[in-house]
Amino acid sequence: MTVRGILHRRGPNGGRYGWKRLAGDCSGGVIAALIALPYGLAMASLMGLPPVLGVFTSILTAPVIALAGRNPVLIGGTASATVPFIALAARQHGLGGAALLCLLASLAMIAFAVLRLGRYITRVPQAVVSGFSCGIGAMMLVSQLDIILGVSSPLTRAAGSTISQFVAVTHHLMETRMVPLVLGLMVIVAASLSARFSHRLPAPLIGVALAILMARFFGWREKEVGFLSPGLPPLATLSVGLPQILALLPSAVALAFVSSVNILITSRVVEHFRGRHKRMKPSDADRELRAYGLANLCASAFGAPLSVGIPARSLAVVRCGGTTPVANLFHAVVLLAILRLGSGFVAHIPIPALAGVTAWMGLCLLDWSAWRRLPKMARVDAAAFLATVVSVLTVNAVLAVAIGCSLYAVHALWVRYARPPLEQAFDEPSST
């Protein structure tokens, strides 16, 4: 299928693709790339891989996702949920083992799609999806506090859960430095005001530009993005044998499952913020997994980590008015340009400014309307929403979804077997 065909088929309200939509896609792609850069570098480093591979994950997978995926503004990239699996494989089997793990996980994702397993993940209740969104937003906000406050250290980054990281940061509050705090807050405030004026404006980009100007004007020196190697990474050297495959296969299936949950739940979160609250079609869920599986085959061939849906980048595209796969393609093009021009203007972007972008996206994901509706929700919906939020912050995102959904199972069993017969009779509709 051609890009032209996708644009006409996926354009909202059946309209033509014009300059206005192109501007929204391009500005959203730029912001998504600016968010992807520090995340990709950090995640790959945590995995024990060359940092630039975390950026090439987005570059290599975006074209396939844009052409074959179901959600036009679901932007993929390296995510924290995949770190434990790939880091263990890299530590035990080296870079070739990590690449083999990602290759097997990609094949497993394609198998999930062929077996039509993706459609069952789409049955997650809306309250759990909203709780997942809020939890991820809070996690993103907390993850950037140490950089914005200027107290980043191995101890704050080594904290296990988001709550632990927040506690670790609070212990260093007296060491807060003014320059990174001003830069980070400037991005957040400028982005918030710009978005309030118009959702079509590239709000975070405006904030970053102002932060760069202020840093240059006052001569502030903070850690910057720096030079990045522009060359395409070499093909991964795989030691493929039956013992290696059998050793990595359980972890690969688990990694594929975790990635599949993240992809489909994030897709629903993005659709929620686009104002589309209907559940995706069963075939769409399987198609999304197939697209990401094929895309990740491309990434794993070069030893790059797995790509999954990233809420921050996807929401950036939505906020800037992006509506088509062009935003995904442009986000990859901008990342490639950043690598090619790493010693130029972009290389001097202060890291606290990029942290401010991520923190602002986290605030957007907190879904304040859901919190306002909380007192009016059914008790099981409210409990599932809160349990999911808390679990994302204390355990991990995948287990949080399982905990939220399990409350509905417990509620169904209680209604069926444990409630007093008289109370059940009152809940049944009258036959008169």
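Restricted to Cα positions, what overall size does the stretch 23-150 have along the principal axes? Three whole-Å values, descending.
48, 39, 32
Using a Förster radius of 30 Å, what is the FRET efficiency between K20 and Q126 based on their Cβ-Cβ separation? Nearest 0.05, please. Present the calculation step by step, with values, prior to reporting the outcome.
Details: r = 31 Å, r/R0 = 1.03.
Efficiency, from the Cβ-Cβ distance: 0.45.
Need the C-alpha centroid separation for the stretch 205-220 versus the stretch 69-138, integer Å.
Value for the Cα centre distance between the two parts: 36 Å.
Work out the length of the dipole vector of the stretch 167-226 about its Cα centre, built from +1 on the beta-carbon of each Lys and Arg and -1 on the beta-carbon of each Asp and Glu, and round it to the nearest 20 debye.
160 debye
Filter the DSSP H helices in the chain by two things, a Kyte-Doolittle mean of at least -0.5 and an axial alpha-carbon span of 15 angstrom or more, and list the hits by number. Provide the component values of the computation, followed by the final result.
Values: long enough: 19-47 (40 Å, 1.05); 52-68 (25 Å, 2.18); 83-114 (32 Å, 1.73); 126-143 (25 Å, 1.47); 178-197 (28 Å, 2.02); 203-218 (23 Å, 2.05); 242-273 (45 Å, 1.40); 282-301 (29 Å, -0.25); 326-340 (21 Å, 1.95); 351-365 (21 Å, 1.73); 379-394 (22 Å, 1.51); 397-413 (25 Å, 2.02).
Helices passing the filter in the chain: 19-47, 52-68, 83-114, 126-143, 178-197, 203-218, 242-273, 282-301, 326-340, 351-365, 379-394, 397-413.
Would you look at the GNM of the chain, springs on alpha carbons closer than 10 Å, and say which of F330, F273, F385 moves the most?
In the Gaussian network model the winner is F273.
Please report, in cubic angstrom per residue, the volume enclosed by the convex hull of the alpha-carbon atoms of the chain.
174 Å³
Using Cα springs under 10 Å in a Gaussian network model of the chain, which residue among N328, N296, N396 shows the largest mean-square fluctuation?
Of N328, N296, N396, the most mobile in the Gaussian network model is N396.
Name the residue from P375, V333, N296 whose Cα lies farthest towards the positive end of the charge dipole of the stretch 294-379, charges +1 on Cβ of Lys and Arg and -1 on Cβ of Asp and Glu.
P375
Averaging sequence separations of C-alpha pairs under 8 Å and six or more residues apart, then dividing by the length of the chain, give the relative contact order as a whole percent.
Working: 773 pairs, mean separation 150.7, N = 432.
For the chain, the relative contact order is 35 percent.
Using the alpha carbon gyration tensor of the stretch 374-419, what are the three equivalent-ellipsoid semi-axes (square root of 5 times each eigenvalue), largest first, in whole Å?
Working through the eigenvalues yields semi-axes of 21, 14, 6 Å.
If R0 is 30 Å, what FRET efficiency do you get for L399 and L185 from their C-beta distance, rounded to 0.05?
That gives a FRET efficiency of 0.35.
Identify which of F197, F257, F227 has the largest mean-square fluctuation in a Gaussian network model of the chain, with springs joining Cα atoms closer than 10 Å.
Top of the fluctuation ranking is F197.
Coordinate-derived values only; no laboratory data. Being a predicted model, the structure only gives us computed values, none of them experimental. Every residue, glycine among them, receives a Cβ derived from its backbone with ideal geometry; neighbour counts consider all protein chains shown.
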